[in-house]
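Working notes, structure below.
Just so you know, all these numbers are worked out from the coordinates, no wet-lab data involved. Because the structure is predicted, anything quoted here is derived from the model rather than measured. We place every Cβ from the backbone using ideal geometry, glycine too, and count neighbours over all the protein chains shown.
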Amino acid sequence: MEPKDNSGIIPSEEGISRDDLISSILTQNRSKFDQWLKSADPIKPLDIPRDVWDAFVPRRVYELSDDPRGIRANFYANLQPYTEQGKKQELEFFIERPAPISELRPTGRDILVELNLAHHNSFPKTLVVENIFVINDLRSNGIGTDFYNHIIELAKALGFRFIVGSNDKTNIDFFVKKLERTPLNEIPPSLRKRIFSTRNFEYPDAKAEFSTVQFLYPEDKEVFLETS
């Protein structure tokens, strides 16, 4: 493990700008995403090919990695990353880095972040982040914040106008205060049902007061909140 500066970022190799390297990787990832989107014109927005998943990796993950070039998005061998259940589609994968081969890591990879995204045909403009799990030794390093900021432009490109998540008492402040999301219970029920319903996403304990929405376009926020 290389030494880190006060920001937690591992310094660049001699003669190579680490920041430029990361920027180049991010540009390549986004280019693959845009090329796929242009050529595929997907009917199902989460049916995204594996070689495009790296576009979802935020800058902060690369900054905290020993070798940014080793970061990859992957999936569990015994699971299908993309699934359909009725009108609901899910995409589940993880972000990994190289690691010494051991009994616990026979593939020589180490999982850093797990992601689970969902979409329901009843809410064609809503992307649901069902889960983002960051390993313990990388928490409190800004990965979650960076991910949610990073995914905004990807969600827009996929045709979404809202990002929704079911939260709880322990993290609701993060989404409302830091990410400036709106609690669903602040939106009138007649409008709320156009964005999200916990019933369709199998959240038996979810409540509107602990579910939040991020409006990807300011004009939508004005319409939904002014009406309330």
> Nearest 0.05, what FRET efficiency do Ile152 and Ala99 give at R0 = 30 Å with Cβ-Cβ as r?
Replying inline: 0.50
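So, R0 is 35 Å and r is the distance between the beta-carbons of Thr27 and Ser190; what FRET efficiency does that work out to, to 0.05? Kindly include the intermediate steps, with their values, before the conclusion.
Numbers: r = 43 Å, r/R0 = 1.22.
For R0 = 35 Å, the calculated efficiency reads 0.25.
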> Taking a threshold of 27 Å on the Cα-Cα distance, which of the pairs Lys156/Lys193; Lys32/Lys178; Lys44/Lys177; Lys169/Lys193; Lys38/Lys88 fall above it?
Replying inline: Lys32/Lys178; Lys44/Lys177
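For a Förster distance of 35 Å, can you work out the FRET efficiency between the beta-carbons of Arg139 and Gln85, rounded to the nearest 0.05? Walk me through the intermediate numbers first.
Values: r = 31 Å, r/R0 = 0.87.
The calculated FRET efficiency here is 0.70.
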>> What does the extension gain come out to for Asp34 and Ser122, with contour length at 0.36 nm per residue minus their alpha carbon separation?
In response: 29.1 nm
